[in-house]
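I have placed the structure first, in the form of structure tokens, so that the comments after it can refer back to it.
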Amino acid sequence: MLDAAYPTSGAFDLTGSFNKKEIKGIQYWYWQFRDLEGKLKQVYLDPVDERLSELIRLRSEGKAPGHDSLARLSLACTSLGCMTVMPQHFKVIHRLAEHGFFNAGGVLIGTHAFIAMGNMLGVRWNGGWRTNDIDFAHAGKNVSLALATNAEANVHDAITSLEMGLLPANSITTGQGATYLNSKSGDLRIDLLTVAGRNDAIYRHEPLNVNLQPLKFMEFSPEKTTQTAVISGENALVVNIPSPLRYALHKLVVMAEREEQFRTKIAKDAGQVAALVSYALERSPYALQGAAEDIMARGKGWRSRIAEGTKILATYHPSIAANLSSVLKLPAPKVAEQPIANADEPDEEPSGDAPRG
């Protein structure tokens, strides 16, 4: 599945068209396009033959080689219980992949990563997964040396070329921000985030040709990543996501940092943490222990936010919060007298005795 879902590049991703010419009684194919200055250019391909004709036919039908096999695999995964993302959201993620975002070190985070984690772990989430936001993270300037010298991705062009009305939102202090919004309906939002250094102001990351918003405590989640597939209908795509347990523990920090007006998001965060932690307590306790030791060894600021996030988690999922506190070596959190939401059961439904392959 992962091999089939890697984004392909070629004639299916290029702007232009095939053009046939006859020279001295022999027919030749050319690729016709306009360059950056708008001038019409042609590139010689080959004489007319069966192989090239088949490629042209597939492009005219909007199908890349291997599309049918990938479609069958995607539909099979969905029928077996894998969760899918909305086509509109998948379109954004796929376009960024085509423009090299994930090859350049980009990571899909947030709820779309959480959906992909469930498929990867072999479980199906019951809640905590609906969103209109698409969050991406990039190592940015702080670990830019980890990228190849030629690693580039025109993220701005990737987003705007979708023609979905996505425009960069402006920041009052810095001008253009690191968020793209659907200016008409407001039902889609793309956030581009990175690790905060000495300065947490939005900055321009030239290799990606886009602005990034640094966030404090961001580094823990994308420090260790893995690859999995995002599925939508007959389509699937390999993306980079954070390690699931690091993602869960980082969510505790996010919950502690959220302001009261984002109560709905806090409830969703708590559901995602509960689902991943309940999975880990049963199936990966040593991995959870390792992630817990790492995050608790990062200093007082980290530990205080983890403690606060665990208290918030106890409001929604008290039994899971109590077990997690033991792993984190924290005092058992006190449950609020009037919980914000009645959700003591984790938002996870195991799909069987073992994760799917």
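The values are calculated or read from the model by the stated rules, or taken from the named source; none is laboratory data. Just so it is clear, the model here is predicted, and its values are computed rather than measured. Neighbour counts run over all protein chains shown; Cβ positions are idealised from the backbone, glycine included. Remember, those area values only see protein heavy atoms, side chains included, never the ligands or the DNA or RNA. Shrake-Rupley method; radii C 1.70, N 1.55, O 1.52, S 1.80 Å.
For the reader, a short list of remarks on this structure follows.
- Local charge for Phe217 was computed over the other residues whose Cβ lies under 10 Å away, with Lys and Arg +1 and Asp and Glu -1, and equals +1.
- Surface composition of segment 183-329: carbon plus sulfur atoms contribute 47% of the solvent-accessible area (1.4 Å probe, protein chains only, all chains present).
- Size of charge dipole - segment 248-325 - debye, nearest 20, with Cβ of Lys, Arg +1 and Asp, Glu -1, no other charges: 100
- The alpha-carbon of Lys41 sits under 27 angstrom from the alpha-carbons of these lysines, leaving out residues fewer than 8 places away in its chain: Lys20, Lys21, Lys24, Lys63.
- Listed peptides 220-233, 269-282 by packing density, highest first (mean Cβ within 10 Å): 269-282, 220-233
- Sorting 319-325, 25-31 by their mean Cβ neighbour count within 10 Å, with the most densely packed peptide first, gives 319-325, 25-31.
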